[in-house]
Amino acid sequence: MNLDRLLPNLGEWLRGIGPESDIVVSSRVRLARNLADMPFGNRANAEQKTETETRVRNAVTTANLPYALEFVDVAKLTPIDRQFLVERQLMSRELASVLDGPRGVAFNETESVSVMVNEEDHLRLQVMRSGLALDEAWTEIDRLDDALEANLAFAFHDQFGYLTACPTNVGTGMRASVMLHLPALSLTKEIEKLFRSLQKINLVVRGLYGEGSRASGDLYQISNQVTLGKSESRVLQEIREVIAQIIQYERRARQLLLKERRQAEQDRVARAIGTLGSATMITSEETMELLSTVRLGIQLHLLDDLPPTTVNQLFIHTQAAHLQKLMGTPLDGEERNAARAKYLRNRLRELGSHQR
Amino acid sequence: MPECQFCGDPATVHLTDIVNKKKREMHLCENCARRQNLLPDAPSPQLNLPALLQLLMSQFAPAPGSAEPDEGDPTALTCPTCGLKYAQFRADGRLGCPEDYEVFYPVLVPILERVHRGLQHHGKVPRAVRRRRERDELDDLKGQLAEAVAAEDYEEAARLRDRIRGKETAE
């Protein structure tokens, strides 16, 4: 499969639409499932992993679903293609480069549904929605789970529920997460306080690319920690309530910024655009920070000639693997920084001349 | 200051291990800790975790008089299906197969309680399990019906028959 055809698309999570999309980038629900009669990934030999892959692959490609899932053999992908799928949030960094042996990922045309095979668990199902749409994501993943269960016997325990390789996922096997853009709370340093209070109620805060990753570009993922003892609907309800609160805090912080330092914010946004449009070397980290400022500028109407989806496109296209695919050649760190700057300069010039 | 359990010098390395809600402590001086390979020779601040685990296991394995003797020693558990040993599970926190949830039950319960504050699954159940439970319930009701008939409790029998019919038509 040639993954290059995905390049012009934004993927479900960056479509920039949906409820509360001024703050909520995307909603995601993930389910961990394991075959009843197979050892978990860390104790399975190559032969067992191959059998798991074959069985899941058959179930996934023949499942009775309103969309088709296309299976990609991760072991056969180039490192750039693997990184590309990680950047598009279709698979984890672990599946891409930490794990080895037979493994794969299946996803649909719109990139809203993906199934990882032979990750820490035999199956990791994922459904994405842009904006705040946890219920829709749950409904979709529940149907996907049912469809796969028609052909696969999942490990299930009367007391402990769905069994998983790590006891932190046992029970529902569900991790629901919401990705938020919180530039104003980050700016006013209130974010630390917020996160400490979230930890107390057993919610986890992580950066853009999941476990252990830094919060780049003021993007944060908030998800549940508890999977045993609370039903899916209760967990979703708890997250929804917390997210509603955080959205309120962020909106208030944004209004306060406008009220108290409009001129300074206007200046910051203008400088961000200026740097993005004129730098000759720029790291991915700096790009994400500047794009975060631009995104905030758009939401606060401090800047009106850029649609939010453009920021999303610049965001994804300047990630390492996307950039190398766009340039059509592998690039080392320095070369990437130069290519990234050139891409941003050209795109912003195009947009500028188009608008005026 | 506590004394080193090995040589009696002032202890500067203190280890605490909590298994099955039982707290166990060890105190060592720096020299003995180094001799047990707990501390690296290099200036790295990292503790040697495998050595630490090994020491804790060997020192405490048959924790005298503390563990219930009939329960057996959870640290000696090995899964007959996948071969996972307790020490391996402790080291990387991952189980090896679905069977492990039964094999390591006594050591898993405190972990699950701490992480989830719950021990009983609520929520989705696979369709196959739901069907099995419904069948079991139906068999159970039929058994009760037979008993009620045998006991000539016709009122109870009629009630049970209605419940069975209700379940059968719902299927």
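Considering only residues of the stretch A:216-239 that are assigned to a helix (DSSP H, G or I) and not small (Gly, Ala, Ser), which is farthest from the other protein chains (Cβ to nearest Cβ)? Checked the stretch A:216-239; the qualifying residue farthest from the other protein chains (Cβ to nearest Cβ) is A:Asp218.
I'd like the full set of residues that are of a type in the set (A, V, I, L, M), buried (at least 19 other Cβ atoms within 10 Å of the Cβ) and more than 21 Å from A:Lys342 (Cβ to Cβ), limited to the stretch A:256-297. Within the stretch A:256-297, A:Leu257, A:Val269, A:Leu296 qualify.
Annotation note: of B:Ala148, B:Ala128, the sole residue that is more than 14 Å from chain A (Cβ to nearest Cβ) and of a type in the set (A, V, I, L, M) is B:Ala148.
Do we find a residue being modelled with pLDDT under 65 and on the phi < 0 side of the Ramachandran plot anywhere in the stretch B:71-80? Yes: one or more hits.
Does A:Val105 satisfy being touching a residue at least 60 places away in the same chain (Cβ under 8 Å), crowded, with 22+ Cβ neighbours inside 10 Å and β-branched (Val, Ile, Thr)?
No: the conditions fail for A:Val105.
Kindly evaluate A:Arg93 against the criterion of being in contact (Cβ under 8 Å) with a residue 60 or more places away in the chain, touching a Lys or Arg at 6+ places or on another chain (Cβ under 8 Å) and farther than 26 Å from B:Ala128 by Cα. Answer is no for this residue. For the stretch B:124-171, filtered to residues that are of a type in the set (Asp, Glu) and not in a helix (DSSP H, G or I), the residue that is farthest from A:Val170 (Cα to Cα) is B:Glu152. Looking at the stretch A:270-356, the helices (runs of 4 or more DSSP H) lying wholly inside it that each contain 3 or more residues that are farther than 25 Å from A:Leu257 by Cβ sit at A:308-317, A:320-327, A:333-355. Output yes when any residue across the stretch A:132-140 is facing chain B (nearest Cβ under 7 Å) and surrounded by fewer than 21 Cβ atoms within 10 Å (Cβ to Cβ), and no when none is. There is no residue in the stretch A:132-140 that is facing chain B (nearest Cβ under 7 Å) and surrounded by fewer than 21 Cβ atoms within 10 Å (Cβ to Cβ). Just wondering, is there one or more residues in the stretch A:14-25 that are over 30 Å from A:Val226 (Cβ atoms), touching a residue at least 24 places away in the same chain (Cβ under 8 Å) and not in a loop (DSSP other than H, G, I, E, B)? No: the stretch A:14-25 contains no residue that is over 30 Å from A:Val226 (Cβ atoms), touching a residue at least 24 places away in the same chain (Cβ under 8 Å) and not in a loop (DSSP other than H, G, I, E, B). For the stretch A:33-88, which positions are outside any helix (DSSP H, G or I), under 24 Å from the mean Cα position of the chain (by Cα) and surrounded by fewer than 16 Cβ atoms within 10 Å (Cβ to Cβ)? A:Pro66, A:Tyr67, A:Ala68, A:Glu70, A:Asp73, A:Thr78 - these are the residues of the stretch A:33-88 that are outside any helix (DSSP H, G or I), under 24 Å from the mean Cα position of the chain (by Cα) and surrounded by fewer than 16 Cβ atoms within 10 Å (Cβ to Cβ).
The C-beta contact set for the stretch B:105-123 (first residue within 7 Å of another protein chain (Cβ to nearest Cβ) and closer than 13 Å to A:Thr172 by Cβ, second residue acidic (Asp, Glu) and part of a helix (DSSP H, G or I), distance under 9 angstrom, 6+ apart or interchain) comprises B:His122/A:Glu232; B:Gly123/A:Glu232. Looking at the structure I just gave you, is A:Ala106 within 14 Å of another protein chain (Cβ to nearest Cβ) and within 25 Å of A:Gln48 (Cβ to Cβ)? Judged against the criteria, A:Ala106 is not a match.
Condition first: polar (S, T, N, Q) and under 9 Å from A:Ala106 (Cβ atoms). Now tell me which residues in the stretch A:48-71 satisfy that.
Matches in the stretch A:48-71: A:Thr61 only.
The values are calculated or read from the model by the stated rules, or taken from the named source; none is laboratory data. Since we're looking at a predicted model, the values are computed, not measured. Neighbour counts run over all protein chains shown; Cβ positions are idealised from the backbone, glycine included.
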